[in-house]
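Data block below; observations after.
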Amino acid sequence: MEAVKTTAEGTKIQTKAVKAFGAAAADAQLQQMSIQRRTPTPHDVEIEILYCGVCHSDLHTARNEWHGTIYPCVPGHEIVGRVVSVGSHVTKFKPGDMAAVGCLVDSCRECEYCKEGLEQYCEPGHTQTYNAPDKHLGKQTFGGYSESIVVTEGFVLRVPENLDLAAVAPLLCAGITTYSPLKHWNVGPGKKVGIVGIGGLGHMGVKLAKAMGAEVIVFTTSPSKVADAKRLGADDVVLSTDEAQMAKYAGKLHFVIDAVSAAHNINAYLNLLRIDGSLALVGAPEHPLKVEAFSLIPYRRSFAGSMIGGIAETQEMLDFCGKHNIVSDIEMINIQQINEAYERLLKGDVKYRFVINMASLKK
Ligand code: NAP
Ligand code: ZN
Ligand code: ZN
């Protein structure tokens, strides 16, 4: 169903209703709903969504764990699909091309950070793929658990042709969120890197750090992931619940990525850093973490954070994955299984990313 929407500035924008899956409230199960998408403006690309990864941030947001969720909430920011139409000024894409969209669909494009390709840190604020103010239609943006999405050309990414499309989807968040800090902290040959929490983000961190030439040590709470981590490329694996195993790496690592989604003892991982080592937190648990002064003071350690990655860096990451043949390990689900998938995500019971076959939404 097509409709015409008048924006606050008085511009008329055509919209059309598309099927989606989302949450109507923090304690509601996700269910099928209808949302409005704008019809492409001159710089827009319209994409039929084929696959969408399921990030733990989708769950945090759908359940309002970070507060500020606007309902209805349609999550999903690991999107790959086929271009169905493009606006008159679009030059990079044509109908039939494969394309991808990650966590960002727009930014101010003018601030010093945007100019440096750091749109994720845009000063006035970037536009996230879901749960952000929609510049075109007002209200909130809706993510990839939907039939299609319309995104301005500059925020649409090219997919390497040699990779399995469904397994590429998780690269759009889990891939870039680990690639960006690995690059920023100069991970490469001669560096010992720890990856904590082997979920969607963590398992990508292992593959990427290994491909960059680092020695990679995995820290997991799940005995079932110990043998598997070596298959992913880890040089060694530590069951983090075993203090003796943890002691082996105390003060030994140059860099650590912490990708844990729930409350945990961050001090245990800060203590792994050698002199001038850094720990980058990418996991975003609902409640604050307690940092002890003496986890940082000895060895002049740094405790940092990192947020996804900019558009150019996301394309660089996709091209790097194409070159090194890196994709996510996935378990494909239908959209109707999303609530069950969220429960399994909470138990760490996925190796290592659910990807929704969006054809199931057409049923
Ligand atoms: P995920 O697939 O659910 O993985 C999280 C992993 O954390 C689990 O597999 C588990 O690993 C570990 N874990 C879970 N509960 C734990 C607990 N109680 N104690 C210790 N370890 C626990 O999640 P994800 O999609 O990778 O996302 C991870 C976190 O990063 C989420 O908080 C997400 O919102 C956040 N995130 C941040 C950014 C960013 O820009 N910074 C981007 C995307 C996501 P083991 O089984 O190996 O212990
Ligand atoms: Zn994500
Ligand atoms: Zn900006």
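What pairs come up if the first residue lies in the stretch 217-243 and is without any contact (Cβ under 8 Å) to a residue 40 or more places away in the chain and outside any helix (DSSP H, G or I), the second is hydroxyl-bearing (Ser, Thr, Tyr) and near ligand 1 (Cβ under 10 Å from one of its atoms), and their beta carbons are under 7 Å apart, counting only those six or more places apart or on different chains?
Thr220/Ser240; Val237/Thr220; Leu239/Thr220; Thr241/Thr221
Are any of the residues in the stretch 4-26 among the aliphatic types (A, V, I, L, M), more than 16 Å from ligand 1 (Cβ to nearest atom), without any contact (Cβ under 8 Å) to a residue 12 or more places away in the chain and open to solvent by 20 Å² or more (accessible area, probe 1.4 Å)?
Yes, the stretch 4-26 contains at least one residue that is among the aliphatic types (A, V, I, L, M), more than 16 Å from ligand 1 (Cβ to nearest atom), without any contact (Cβ under 8 Å) to a residue 12 or more places away in the chain and open to solvent by 20 Å² or more (accessible area, probe 1.4 Å).
Residues of the stretch 42-59 being open to solvent by less than 10 Å² (accessible area, probe 1.4 Å) and within 16 Å of ligand 1 (Cβ to nearest atom), which ones? I'd like the intermediate steps shown before the answer.
Going through the stretch 42-59, the residues open to solvent by less than 10 Å² (accessible area, probe 1.4 Å) turn out to be 44-45, 47, 49, 52-55, 58-59.
Once the filter is applied, which keeps residues that are open to solvent by less than 10 Å² (accessible area, probe 1.4 Å) and within 16 Å of ligand 1 (Cβ to nearest atom), the stretch 42-59 yields Cys52, Gly53, Val54, Cys55, Asp58, Leu59.
Does Gly188 satisfy the condition of being in contact (Cβ under 8 Å) with a residue 24 or more places away in the chain and farther than 26 Å from Gly87 by Cα? Quick ask: steps written out before the conclusion?
On the way: in contact (Cβ under 8 Å) with a residue 24 or more places away in the chain: yes; farther than 26 Å from Gly87 by Cα: yes.
Here the answer is yes, as Gly188 does meet what is asked.
Residues in the stretch 340-363: is at least one closer than 30 Å to Gln32 by Cβ, surrounded by 15 or more Cβ atoms within 10 Å (Cβ to Cβ), more than 16 Å from ligand 2 (Cβ to nearest atom) and without any contact (Cβ under 8 Å) to a residue 12 or more places away in the chain?
Within the stretch 340-363, one or more residues are closer than 30 Å to Gln32 by Cβ, surrounded by 15 or more Cβ atoms within 10 Å (Cβ to Cβ), more than 16 Å from ligand 2 (Cβ to nearest atom) and without any contact (Cβ under 8 Å) to a residue 12 or more places away in the chain.
If a residue has to be in contact with a strand residue (DSSP E or B) (Cβ under 8 Å, 6 or more places away or on another chain) and either among the polar types (S, T, N, Q) or not in a strand (DSSP E or B) (or both) to count, how many in the stretch 24-54 make the cut? Talk me through it step by step, then tell me what you get.
Going residue by residue through the stretch 24-54, those that are in contact with a strand residue (DSSP E or B) (Cβ under 8 Å, 6 or more places away or on another chain) are 24, 29-41, 43-54.
Cutting the leftovers down to either among the polar types (S, T, N, Q) or not in a strand (DSSP E or B) (or both) gives us 24, 29-32, 34, 36, 39-41, 43, 54.
Within the stretch 24-54, residues that are in contact with a strand residue (DSSP E or B) (Cβ under 8 Å, 6 or more places away or on another chain) and either among the polar types (S, T, N, Q) or not in a strand (DSSP E or B) (or both) number 12.
I'd like to verify a number: residues in the stretch 338-363 that are in a helix (DSSP H, G or I) and either at pLDDT below 95 or not aromatic (Phe, Trp, Tyr) (or both), how many? Let's see the steps before the verdict.
At the first step, the residues of the stretch 338-363 found to be in a helix (DSSP H, G or I) are 338-346, 358-362.
When the remaining residues are screened for being either at pLDDT below 95 or not aromatic (Phe, Trp, Tyr) (or both), the result is 338-341, 343-346, 358-362.
Number satisfying all stated conditions: 13.
Conditions tested, residue by residue: (1) open to solvent by 20 Å² or more (accessible area, probe 1.4 Å); (2) away from ligand 1 (no atom under 13 Å from the Cβ); (3) over 22 Å from the mean Cα position of the chain (by Cα).
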| position | (1), (2), (3) |
| --- | --- |
| Met204 | no, no, no |
| Lys210 | yes, yes, no |
| Glu215 | yes, yes, yes |
| Phe219 | no, no, no |
| Lys225 | no, no, no |
| Asp235 | yes, yes, yes |
| Val238 | no, no, yes |
| Lys252 | yes, yes, yes |
| Ser261 | yes, no, no |
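For Ala174, all conditions in the list (1) under 18 Å from Glu46 (Cβ atoms); (2) within 13 Å of ligand 2 (Cβ to nearest atom) hold save one; what is the number of the exception?
Result: Ala174 passes all but (1).
Within the stretch 267-337, considering only strands (runs of 3 or more DSSP E) that don't extend past its boundaries, which have at least 2 residues that are more than 16 Å from ligand 1 (Cβ to nearest atom), touching a Phe, Trp or Tyr at 6+ places or on another chain (Cβ under 9 Å) and farther than 20 Å from Cys103 by Cα? Steps first, answer last, please.
Working: elements: 273-281, 302-305, 330-334.
Passing ranges, in order: 273-281.
Run Val256 past the list (1) in contact (Cβ under 8 Å) with a residue 60 or more places away in the chain; (2) outside any strand (DSSP E or B); (3) under 23 Å from Leu296 (Cα atoms) and report the number of the one that doesn't hold.
Evaluating Val256 over (1) in contact (Cβ under 8 Å) with a residue 60 or more places away in the chain; (2) outside any strand (DSSP E or B); (3) under 23 Å from Leu296 (Cα atoms) leaves (2) as the failure.
The values are calculated or read from the model by the stated rules, or taken from the named source; none is laboratory data. What you are looking at is a predicted structure, and each value in this text was computed from that prediction instead of being measured. Neighbour counts are summed over all protein chains in view; Cβ atoms, including those assigned to glycine, are modelled from backbone coordinates with ideal geometry. The accessibility values were calculated without ligands, DNA or RNA, using every heavy atom of the protein model including side chains. Shrake-Rupley method; radii C 1.70, N 1.55, O 1.52, S 1.80 Å.
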